[in-house]
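The values are calculated or read from the model by the stated rules, or taken from the named source; none is laboratory data. What you see is a predicted model, and the numbers here were worked out from it, not measured in a lab. All Cβ positions, glycine included, derive from the backbone under ideal geometry; neighbour counts span all protein chains shown.
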Amino acid sequence: MSVSNFIKQNFALSLGIALPVLLVGGFMLLAAVPKKLGPPPAYAVLFSVQKYEQTSQPYNVDYIVKGGKLYARLTERKNDYGNYKQELFRFEGKTEQLEKIEPELPDTIGDDKSREVLLKEFEKTTISTASKSPDGYTLENGGYRSRGIAGEIFGGGRGRYDSRLRHEKGYAYKIPEYAGTPFYNNLEFIGWVTQ
């Protein structure tokens with residue numbers, strides 16, 4: 001008996017086997033298809049990530065925007081053991097390039113308990129702190145994403161933390177891991193580079 005005759009004679013059985021296989025295949029295909037179906041973000045996003053440092057830093061650093069310019073707020077440290085350091089990043093959605101920025105900061109904060117320093121790397125740029133970019137993107141902090149139903153059933157792969165720029169119409173651009181290290185869920189939005 002040929003396959004086509006078997007299918008004709010056992011149409012309901014064939015449909016009962018084929019439909020779940022097609023549904024699972026369809027879901028796997030949808031999960032694998034990138035969601036970059038719209039135009040890439042026109043504006044770079046700045047964010048910081050908190051990282052624990054074993055070595056003592058001379059002061060604490062936070063990044064703030066005042067008058068469209070980026071400043072490092074330096075504050076006095078209250079202890080002598082390891083501390084959390086804010087690392088600064090810039091993500092260009094057009095090129096999908098992630099850059100870690102090492103700003104030029106003073107060696108000490110002096111006698112001040114707090115001081116704000118304009119970052120020379122951003123003197124000629126304008127930064128907007130609006131939660132949504134002018135072209136409709138928002139920074140979506142990394143939430144845990146499982147390895148999917150196939151990964152759960154057959155093993156392999158790993159869960160991950162994906163941060164992304166998501167457009168109000170639904171498409172998204174994933175922010176790559178830095179040096180193979182996921183950002184987990186501690187991204188702190190700073191602003192959009194508008195000029």
Top-ranked residue of the stretch 54-72 - restricted to ones that are assigned to a loop (DSSP other than H, G, I, E, B) and in contact with a Ser or Thr (Cβ under 7 Å, 6 or more places away or on another chain), ranked as surrounded by the most Cβ atoms within 10 Å (Cβ to Cβ): Tyr59
Cβ pairs under 9 Å, 6+ apart, first in the stretch 25-51 and modelled with pLDDT under 80, second loosely packed, with under 13 Cβ neighbours inside 10 Å and of a type outside the set (Lys, Arg): Phe27/Ile149; Met28/Ile149; Ala31/Ile149; Lys35/Gly170; Leu37/Gly170; Gly38/Gly170
Residues of the stretch 88-114 satisfying the condition of being surrounded by fewer than 16 Cβ atoms within 10 Å (Cβ to Cβ) and either touching a Ser or Thr at 6+ places or on another chain (Cβ under 8 Å) or at positive phi (or both): Glu96, Gly110, Lys113, Ser114
